[in-house]
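*Asks:* Pasting in a structure now, in structure tokens, and then I'll have a few things to ask.
The values are calculated or read from the model by the stated rules, or taken from the named source; none is laboratory data. What you see is a predicted model, and the numbers here were worked out from it, not measured in a lab. FYI the Cβ positions are ideal-geometry reconstructions off the backbone, even for glycines, and counts take in every protein chain you see.
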Amino acid sequence: MARYAEKLHIVPLLAPVSSTDAVAISNAVNLENAHWVSFLVNWGAITGDTEKLVVSVEASTQGAATTNSADTAIPFVYRLSSTLAADNWGDSTTCASTGLEILGTNDSMALIIDVDPAAIPALDADATYVHVILDGTGLATNAGMSVYALMEDRYPQAEHVTST
């Protein structure tokens, strides 16, 4: 019998395509039934070693792929992958709410971001959603990027409770 990640709720939030937008905002996930939320962020080639992509996470009161003035940038814990076809990940590192700078020396890598839903009310009492922001204004060309949510539901099951 196949399990198909029944205990892990996988939600695509930003399609894996190059964007002409300088800033890409993922769709948001609802924290209501989430025990834990991780985001898997991937990007392609960054043309110059000094160019940068800034990855940040925001808590929000809305589930749309937009930001508003009430959104709160939040700190997070992350691990950066090694190069393609390798399975080594860097150490768990805490990132300030200002975001993480990914330089061109980190071409075609992945980032796993952990967010504890229980910590969100202390940062923004009204927030019920979180989303990822990929700020590519420091890039000459926008690398193909994608974002997936990997959620541990409070009530795991074959057919997950909606997270959007």
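*Asks:* Kindly provide the set of residues from the stretch 94-107 that are modelled with pLDDT of 95 or more, surrounded by 14 or more Cβ atoms within 10 Å (Cβ to Cβ) and among the hydrophobic types (A, V, I, L, M, F, W, C), ordered by number.
*Replies:* Cys95, Leu100
*Asks:* Next question, about the same structure. Filter the stretch 9-33 down to residues that are at pLDDT below 85 and assigned to a loop (DSSP other than H, G, I, E, B), then give me how many there are.
*Replies:* Looking only at that region, the number is 5.
*Asks:* Considering only residues that are surrounded by 17 or more Cβ atoms within 10 Å (Cβ to Cβ) and either of a type in the set (Phe, Trp, Tyr) or outside any strand (DSSP E or B) (or both), which ones fall in the stretch 34-56?
*Replies:* Result: Phe39, Trp43, Ile46, Glu51.
*Asks:* Can you name every residue in the stretch 64-77 that is in a strand (DSSP E or B) and either surrounded by 17 or more Cβ atoms within 10 Å (Cβ to Cβ) or modelled with pLDDT under 90 (or both)?
*Replies:* Of everything in the stretch 64-77, those that are in a strand (DSSP E or B) and either surrounded by 17 or more Cβ atoms within 10 Å (Cβ to Cβ) or modelled with pLDDT under 90 (or both) turn out to be Thr72, Ala73, Ile74, Phe76.
*Asks:* So for the stretch 108-120 (the condition being over 16 Å from Ala28 (Cβ atoms), at pLDDT below 85 and not in a strand (DSSP E or B)), does at least one residue qualify?
*Replies:* No: the stretch 108-120 contains no residue that is over 16 Å from Ala28 (Cβ atoms), at pLDDT below 85 and not in a strand (DSSP E or B).
*Asks:* I would also like to ask the following. Could you tell me how many of the residues in the stretch 110-140 are farther than 18 Å from Ser38 by Cα and in contact (Cβ under 8 Å) with a residue 24 or more places away in the chain?
*Replies:* Result for the stretch 110-140: 8.
*Asks:* What pairs can you find where one residue is in the stretch 1-24 and farther than 17 Å from Gly136 by Cα, the other is loosely packed, with under 13 Cβ neighbours inside 10 Å and modelled with pLDDT under 65, and their Cβ atoms are less than 6 Å apart, with a gap of 6+ or different chains?
*Replies:* Glu6/Ala158
*Asks:* For residues that are part of a loop (DSSP other than H, G, I, E, B) and free of Cβ contacts under 8 Å to residues at least 24 places away in the same chain, scanning just the stretch 78-100, find the one that is farthest from Asn42 (Cα to Cα).
*Replies:* It comes out as Ala96.
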